[in-house]
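The structure appears below as structure tokens.
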Amino acid sequence: MYMETTIRIDKLTKEKLDGFKQYKSESYDELVRKLIHIAKTCETEPKLSQKTILEIKEARERIKKGEFYSQEEIEKRFGL
């Protein structure tokens, strides 16, 4: 269940948040949830967290380069 709300953030903060988006249409809700998950993981499993953060950075770079398959491509490839 979603509750619509408005929050005020600095322009620079918004620009930094936008830099974490993995794809253009990623919502701020998705982005904030992802950042919360990363922060909680860092607290509970710091060694795993460093590995996870590195993997996320690498994945983001691959996505920016267009090195990924769409859901439709995967379904076609695996006959789903």
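The residues of the stretch 34-50 that are surrounded by 11 or more Cβ atoms within 10 Å (Cβ to Cβ) and not aliphatic (A, V, I, L, M), listed by number, are 34, 37, 40, 41, 42, 45, 49, 50. Within the stretch 1-26, the set of residues being loosely packed, with under 11 Cβ neighbours inside 10 Å, modelled with pLDDT under 90 and within 20 Å of residue 61 (Cα to Cα) comprises 19, 23, 24, 25.
Residue 36 falls short on exactly one of the conditions (1) within 11 Å of the chain's Cα centre (by Cα); (2) under 24 Å from residue 7 (Cβ atoms); (3) at pLDDT below 90, and that condition is (3).
The values are calculated or read from the model by the stated rules, or taken from the named source; none is laboratory data. Keep in mind the model is a prediction, meaning the values are calculated, not measured. Because the Cβ atoms are built from the backbone with ideal geometry, glycine has one as well, and the counts that use them run over all protein chains shown.
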